[in-house]
Amino acid sequence: MLNVLMLGIGQCGNRILDAVNRESFGGSSKLSKYYSRQKFPSRVETLAINTAVNDLKELKFTAAKDRLHVPNLHGVGANRSIGKQGFWDNREMIMEEIEKRGDFDIAFVMTSASGGTGSSFTPLIIHELRERYKNITVVAVMVLPFREEGSIYLQNAAFSMRDIMEVESDGIILVDNQYLKRLSGDIKTAYDKINDMVAERILFLIESLDSEMLSVTDLGDFKTVMRGGLGMGTLGFYESDKKTTSLTSAIEGSIKPGGLLYPANVYEDAARAMIIIQGSRESLDVDEITKSVEKLSSKIGQVFKGIVIKKGRPKVLSVFTLGQVPDLEMLYAQAAQAIQDEKGRKTRAKKQLDDAFAYIEDLEEIY
Amino acid sequence: MRLIYLVVLALLASPILLAPMAAAASDDDDEVDEEITSREFSFRAGDGVKIGDYRVELISVVSVMDGLIEVKVWRRASDFEDWRVMEDHRDASFDDGAERGGLTLTVIDIFDEETVRMRAEYRSDYGYPQKYVTERAMAPKNLPKLAVQTTVDRTDISSGDEVKVTITVTNTGNDTARDVTIQDSPPLSQFRYLAGYPPKIKNQLSPGESDLAVYSMVAVTEGEVNMPATVARYADSKSTIYSASSPSISIEIKPKRMPDLVLKVDPPVPIKRGGEGPINITVENNGDASAYRVEVKAEVKSDGKSLEVVKGSLDESFFEIPPGGSETYSATVKGSRSGSYAINLKASYQGDGEMIQKETAFEVTVLEREYKYLYYLPVLPILIIGFWLFRRYKEYKY
Ligand SMILES: Nc1nc2c(ncn2[C@@H]2O[C@H](COP(=O)(O)OP(=O)(O)O)[C@@H](O)[C@H]2O)c(=O)[nH]1
Ligand SMILES: [Mg+2]
């Protein structure tokens, strides 16, 4: 059985974590926590970390003991420097809280790339996890901002992504709010929907890695996939309805843009992939699966396949890393532009002030 | 002194002078060759001086440094009126000057923004200069006047609390206040300044206008603090400097707020052997700050299964208990052997960065077997479900 640590950091991370906890209650009913028990496929420990008490209070399905408030006198705002300082000031307290939950094989650290708390804590926490746990696989789940959220968010996203790369996580799973916002009208429901999608996929992944699979994929394979390409990728998902029963089209569906959490052209950009198919024994035709995965391999390269027998309609999860990320490059260009603009504004303002001061140069106050 | 000489001289000379003058007057009626006298006097802005029918009024001192004043000279019952800016030590003729029956005025000295010494030359028959007060002087002067008010949003605080200071400066005068600056006492060591310090306000305030500056600070020590007055300096149109200040404020900083948890247990009803009984525990915060990460742990002094917890737990944790707040939880214990069992409850919690421990103890008595409470049994499932729901609620309540 796998020992899984799931950390949700900052508001966005907290909420996704809450979605994971809700999912584990089985039903989607608000009252499920009163009559049902949380069931995780593996030993899963969840911990929501935040500097904002209110964000923690907002959660519904995460036990009180799994919400860790990091006191930071004036909050973090969207300032990553303050955030980092806040982490250093409370490092032992935070790590103790994690360490007392035992040993772990894999950790998912979930956060928005663009906020203050999550984006600044996450690289540091990943670093600490690496130092303290010998054989842990650490995967960051990073949520990219809506591009119109402003220059500070863009800039935070750019720098936090770089920080994450530097601390050498085993991989980054990208989730793009901008790309996914088409799913829903208003922001609130979009958030909920995105969070549910992420939660469902990650739980599916954990369950698959921990199951007796017909075709073997395990944590090692997952790690291999995540370390491929640029070390970042995303998840695709497809759940077949009654009409499309063909496994081939289900597998293809799981890598179609519509099913991804981050816009990518899998056939062209993917470096390594893992396809996990879940379904009832009758519905799974191993030959058909093997054939269509081989077809994929010929285009992408290394593709691992996993088959899990479970009651219900066939579901397919694709995990892949990318060799190129044009959308992220665009975000960096936007961030750089935003930083330049900001700098320009500052210098202009400074210059105006200096010009104003020039009027009183060499003068003294007279009374 | 000089004046006395002149008067004496005039008195001595008059009998001698009068004769030839009378002769001259009869000689030449029109071309009266009156003597010119010269007299000095000081007057203040707004004062006037009568010399015969002439009136000389000092309107204002334009500049002490440059030696400029403004005067108005006019003659009664005529339409002669002359406004002029005069430079010191320079003769100025009014109404054609003294030689022609008018005045010749010279500024001898400018003492300050208000006071000027002047020499007037004129025909001696105009008499001595006489002072009078002009209407202008009686009208209120146009001067700026600032009122400074310093307020804090709270005077009763504890170390670590934030205080917002508002400085309001209002121009209650009737001229623009210029070069307005405010000086708040040098930063007080009892506070750490957060934002807005040092306070700044507008450089100029028109009559009636007011401006305010706000800053916030956090108390870092305890005790009585006297915030000295805030001083505003400003100048009027002539660069005269004035200052105004607010009354000082005293603030009492109380010691840091601390949480103080009290563990309370409803005295447990004795349970019968083999029976179960609820234990209700209340954690009350009687302090004045939130207690965080409250962890209650129970230690049951019982060998094995004599007394055991069957539903819920005597251990609980709460993320936060606000001051004045309390949390209640329950557990059900089952007694298998009669006797008294001591239970120790320990609460540890975090207040202002340090861990605090509190303890309490109580006893649960298990009676000999007895069946007369049997009819309570049907109620039990409902109670258990209630407890269970409540416990779930607590578990997910943050
Ligand atoms: N997908 C998703 N994104 C969110 C959610 N809440 C906030 N965000 C995004 O996260 C970013 C703000 O970061 P946030 O997590 O609030 O900051 P932090 O609490 O300081 O770490 C913005 O780009 C938001 O669009 C959420 O519930 N779901
Ligand atoms: Mg936020």
So the B/A interface buries, both sides summed and with a 1.4 Å probe, an accessible area in Å² (nearest 100) of 1800 Å²
Relative contact order %, chain B, counting alpha carbon pairs below 8 Å whose residues are six or more apart: 10 percent
Summing -39500 (n - 2.57) over every DSSP H run of at least 4 residues in chain B and dividing by its residue count gives a helix-only mean residue ellipticity at 222 nm, to the nearest 500 deg cm²/dmol, of -4000 deg cm²/dmol
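Would you rank A:K33, A:K60 by solvent-accessible area, highest first, keeping every protein chain in place and using a 1.4 Å probe?
Accessible-area ranking of A:K33, A:K60, largest first: A:K60, A:K33.
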Coil-residue GluC sites (Glu not before Pro) of segment A:260-356, DSSP, other Cβ within 10 Å capped at 12: A:E282
Consider just the alpha-carbon atoms of the protein assembly as shown and return their Rg together with their Dmax, both in angstrom. 44.9, 154
Provide the FRET efficiency to the nearest 0.05 for the A:K193-A:M330 pair, computing r from the beta carbons and using R0 = 30 Å. 0.80
Binned at 10 Å from 0, what are the whole-percent values of the Cα-Cα distance distribution for segment A:228-322, short to long? 18, 54, 25, 3
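Could you give me D for segment B:146-254, from Stokes-Einstein at 20 °C and 1.002 mPa s, where the hydrodynamic radius is the Kirkwood radius over C-alpha pairs? Units µm² s⁻¹, please.
For the chosen part, D equals 149 µm²/s.
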Taking Rh as the Kirkwood radius, which is the inverse of the mean 1/r over Cα pairs, what is the Rg/Rh value for segment B:261-366? 1.02
Rounded to 10°, Cα long-axis angle of helix B:2-27 versus longest principal axis of chain B: 40 degrees
Counting Lys and Arg as +1 and Asp and Glu as -1, what is the net charge of the other residues whose Cβ lies under 13 Å from the Cβ of B:G208? -2
Would you give the gap between the C-alpha center of segment B:80-144 and the C-alpha center of segment A:8-22, rounded to a whole Å? 87 Å
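Just the accessible area per residue of the protein assembly as shown, please: how many Å² with a 1.4 Å probe?
51 Å²
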Contour minus Cα-Cα span, B:V300 to B:K238, at 0.36 nm per residue, comes to 13.7 nm
Could you name every residue in segment B:294-323 that has 50 Å² or more less accessible surface in the full protein assembly than in its own chain alone (probe 1.4 Å, ligands and nucleic acids excluded)? B:F319
By how many degrees, 0 to 90 and rounded to 10, does the Cα axis of helix B:379-395 deviate from the longest principal axis of chain B? 40 degrees
Please tell me which of these pairs span more than 22 angstrom C-alpha to C-alpha: A:K39/B:K334; B:K264/B:K297; B:K272/B:K301; A:K84/A:K350? A:K39/B:K334; A:K84/A:K350
Give me the lysines in straight-line cross-link reach of A:K351: C-alpha distance below 16 Å, same-chain residues under 8 apart excluded. A:K343
What is the projected area of the convex hull of the Cα atoms of chain B, averaged over all directions, in nm²? 34.2 nm²
Ignoring ligands, DNA and RNA, what percent of the 1.4 Å accessible area of chain A is carbon and sulfur? 51 percent
PRE reach from B:V231 (point 7 Å along Cα→Cβ): which of segment B:190-218 fall under 18 Å by backbone N? B:198-201
Between B:S243, B:S158, B:S124, find the one with the highest GNM mean-square fluctuation for chain B; connect C-alpha pairs within less than 10 Å. B:S124
Restricting segment A:164-236 to trypsin sites (Lys or Arg not before Pro) in coil, as DSSP defines it, with at most 12 other Cβ within 10 Å: none
Accessible heavy-atom area order of B:D288, B:D175, highest first, probe of 1.4 Å: B:D288, B:D175
Between helix A:286-300 and chain A, what is the angle of the helix's C-alpha long axis to the longest principal axis, kept within 0 to 90° and rounded to the nearest 10? 40 degrees
Between B:S93 and B:L377, what is the spin-label point distance in nm, taking each point 7 Å from the Cα along the Cα→C-beta axis? 13.5 nm
At R0 = 41 Å the Cβ-Cβ FRET efficiency linking A:Y35 and A:E96, nearest 0.05, sits at 0.75
Gained length - B:N280 relative to B:E70, 0.36 nm times residue gap less alpha-carbon distance: 66.4 nm
Expressed as a whole number of Å, what is the distance separating the alpha-carbon centroids of segment A:120-171 and segment A:56-111? 14 Å
In segment B:325-395, trypsin sites (Lys or Arg not before Pro) in a DSSP loop with at most 11 other beta-carbon atoms within 10 Å: B:R369, B:K372
Straight-line reach only, C-alpha to C-alpha below 18 angstrom: list the lysines that A:K193 could link to, leaving out same-chain residues fewer than 8 apart. A:K30, A:K60, A:K181
1/(1 + (r/R0)^6) with r = Cβ-Cβ of B:E81 and B:Q183, R0 = 30 Å, i.e. FRET efficiency to nearest 0.05, evaluates to 0.05
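The values are calculated or read from the model by the stated rules, or taken from the named source; none is laboratory data. Since we're looking at a predicted model, the values are computed, not measured. Here Cβ is always computed from backbone atoms with ideal geometry, including for glycine, and neighbour counts include all displayed protein chains. For accessibility, only protein heavy atoms count, side chains too; no ligands or nucleic acids. Shrake-Rupley method; radii C 1.70, N 1.55, O 1.52, S 1.80 Å.
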